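**Student:** Here's a structure for you.
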Amino acid sequence: MAHIKPLNSILQKIANEELFEVPTRISEDLDALKLWIGQQPHLKSRTDDQFLIQFLRGCKYSLERAKEKIDRYYTLKTKFPHILGIYDVDNERFRQITRLGCIAPLPIPLNDTGCRLVMNHFNYNPEECTAEEMAHVGIAIYELFTIDDPYAGICGIVTIIDMSKVTMAHVLQANPIFLKTMVTFFEKSLPLRIKAIYFVNIPKIASSFFKLLLPLFSEKLRQRIFLYPTLEELKKYIPLKYLPEYYDGENGSMEDHIRALESKFDEYRQFFKENANYGTDESLRQGGSANIDELYGVGGAFRKLEVD
């Protein structure tokens, strides 16, 4: 019997219809994935059911795609530990960054039973913090989604990125290697569906940032990216009820969001500590080392995106 958290009836229906989950076959599917992991000499992966089922769900129960994502997930984390390796969520610097409120999930999912909404802000001083430090909190949040948040896991994620406080110093921190690593990790290795990314309150100085960032996404995801110079445009698509209080909405204050996030980090500190034990050893990979450049490949022609 699989050791996974039960879904409510609405989420289970979505999992069945959209992700092709067959509840009576879950244990069999998990066993197949565990068997494959055990046969990979280069790969040391978590094998707890709650972790693995998200890879199956995120890949719509394609066992081969789930295998690829698990391998890619640990390959990237091993290759770029300074960016992707978050193992101590009690670290004081990590908590200081968390308390800035630059990234936080909102408590009520979209339409009450849909996607998890995640707010992002650039409300940090780039002379005192780095983009990588900001990213550490975001990566930790998304890793929690894989084992703790059924709305993110089943319905997906809608990200809102408020650029009202972006300065040229912020833009200059976004070097190509960092951006490519982040995009590859979030889009090609995390087993979570990104349903939409809304950039709002966009200043003119951000144009160079978008020219660098947008071509890194797949064509499929670029179709889900929306650029709005003002907040009012966003409110046409997301009702006020689901936006935070500082947007005149009802979905909690920034203080509430930070407090809830710290509580989650407290609850899952052991999970993050254990993650330090997993990764890949390329010297043991059958068929040679992984080609990281292939993981970074950008398929298809880039379609110019205009700011609406």
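The values are calculated or read from the model by the stated rules, or taken from the named source; none is laboratory data. Bear in mind the structure is a predicted one, so any value in this text is a computation, not a measurement. Positions of Cβ are generated from backbone atoms using ideal geometry, with glycine treated the same way; all protein chains shown enter the neighbour counts. These accessible areas exclude ligands, DNA and RNA; they are computed on the full protein's heavy atoms, side chains included. Shrake-Rupley method; radii C 1.70, N 1.55, O 1.52, S 1.80 Å.
**Student:** Can you work out the PRE-style zone for Glu267? Point 7 Å along Cα to Cβ, and I want the residues of the stretch 33-72 with backbone N under 16 Å.
**Tutor:** 50-51
**Student:** Pop the C-beta distance of Ala32 and Tyr278 into the FRET formula with R0 = 25 Å and round what comes out to the nearest 0.05.
**Tutor:** Working: r = 20 Å, r/R0 = 0.79.
The value I calculate is 0.80.
**Student:** What percent do you get for the relative contact order of the chain when only Cα pairs under 8 Å and 6+ apart count? Please list the in-between numbers first.
**Tutor:** Values: 445 pairs, mean separation 69.7, N = 308.
With pairs under 8 Å counted, the relative contact order is 23 percent.
**Student:** Under 20 Å from a label point 7 Å along Cα→Cβ of Thr113: give me every residue in the stretch 127-169 with its amide N that close.
**Tutor:** 149-158
**Student:** Distance cut-off 19 Å, Cα to Cα: go down the list Lys67/Lys188; Lys77/Lys220; Lys79/Lys220; Lys34/Lys60; Lys79/Lys195; Lys44/Lys77 and report the pairs above it.
**Tutor:** On the way: Lys67/Lys188 12 Å; Lys77/Lys220 24 Å; Lys79/Lys220 26 Å; Lys34/Lys60 17 Å; Lys79/Lys195 27 Å; Lys44/Lys77 12 Å.
From the list (Lys67/Lys188; Lys77/Lys220; Lys79/Lys220; Lys34/Lys60; Lys79/Lys195; Lys44/Lys77), the Cα-Cα distance tops 19 Å for Lys77/Lys220; Lys79/Lys220; Lys79/Lys195.
**Student:** Can you sort Thr159, Thr167 by 1.4 Å-probe accessible area, starting with the largest?
**Tutor:** Listed by decreasing accessible area, they come as Thr167, Thr159.
**Student:** Got a number for the accessible area of Glu132? Probe 1.4 Å, square angstrom, nearest 10.
**Tutor:** 60
**Student:** Just report the Cα centroid separation between the stretch 62-101 and the stretch 243-277, whole Å.
**Tutor:** Answer, in whole Å: 16.
**Student:** With every protein chain kept in the model, how would you rank Lys165, Lys264 by accessible area, 1.4 Å probe, largest at the top?
**Tutor:** Working: Lys165 120, Lys264 70 Å².
Final ranking, largest accessible area leading: Lys165, Lys264.
**Student:** With the chain treated as a Gaussian network of Cα nodes joined by springs under 10 Å, which of His82, His170, His42 yields the largest mean-square fluctuation?
**Tutor:** Fluctuation is largest for His82.
**Student:** With all protein chains present, calculate the accessible area of Lys60 using a 1.4 Å probe and round the result to the nearest 10 Å².
**Tutor:** Surface open to solvent at Lys60 totals about 80 Å².
**Student:** Sticking with this structure for a sec: For His82 and Thr47, what does the FRET efficiency come to when R0 = 35 Å and r is the distance between their Cβ atoms, rounded to the nearest 0.05?
**Tutor:** On the way: r = 26 Å, r/R0 = 0.75.
The pair His82/Thr47 has a calculated efficiency of 0.85.
**Student:** According to a simple spin-label model (label point 7 Å from Cα along Cα-to-Cβ), what is the distance in nm between Leu172 and Ser253?
**Tutor:** Placing both labels 7 Å along Cα→Cβ, they lie 3.6 nm apart.
**Student:** Pull out the extension gain between Ser208 and Glu245, defined as 0.36 nm times the separation in residues minus the alpha carbon to alpha carbon distance; nm, one decimal.
**Tutor:** Working: separation 37, 0.36 × 37 = 13.32 nm, distance 3.08 nm.
Gain in length upon complete extension: 10.2 nm.
**Student:** 7 Å from Cα along Cα→Cβ at both Arg95 and Lys220: what's the point-to-point distance in nm?
**Tutor:** 4.0
**Student:** What is the Cα centroid distance between the stretch 1-60 and the stretch 170-211, reported in whole angstrom?
**Tutor:** Cα centres, the stretch 1-60 to the stretch 170-211: 29 Å.
**Student:** Which value, in Å², gives the accessible area per residue of the chain when a 1.4 Å probe is used on the protein heavy atoms?
**Tutor:** On the way: 14210 Å² over 308 residues.
Accessible area per residue, the chain: 46 Å².
**Student:** I would also like to ask the following. How much accessible area does Cys115 have with a 1.4 Å probe, in Å² rounded to the nearest 10?
**Tutor:** Counting only protein heavy atoms, Cys115 exposes about 20 Å² to solvent.
**Student:** List the aspartates and glutamates whose alpha-carbon lies under 17 Å from that of Lys211, not counting same-chain residues fewer than 8 positions away?
**Tutor:** Glu219, Glu306, Asp308
**Student:** Counting alpha carbon pairs within less than 8 Å and at least 6 residues apart, what relative contact order, in whole percent, applies to the stretch 1-86?
**Tutor:** Working: 57 pairs, mean separation 24.7, N = 86.
Once normalised by length, the contact order is 29 percent.
**Student:** Next question. If Met1, Met163 are ordered by their accessible area, calculated over protein heavy atoms with a 1.4 Å probe, which sequence runs from highest to lowest? Intermediate results must be reported in sequence, preceding the final value.
**Tutor:** Numbers: Met1 200, Met163 0 Å².
Output order, biggest surface exposure first: Met1, Met163.
**Student:** With springs connecting C-alpha atoms under 10 Å apart, model the chain as a Gaussian network and identify which of Pro239, Pro229, Pro107 has the largest mean-square fluctuation.
**Tutor:** Of Pro239, Pro229, Pro107, the Gaussian network model singles out Pro239 as fluctuating most.
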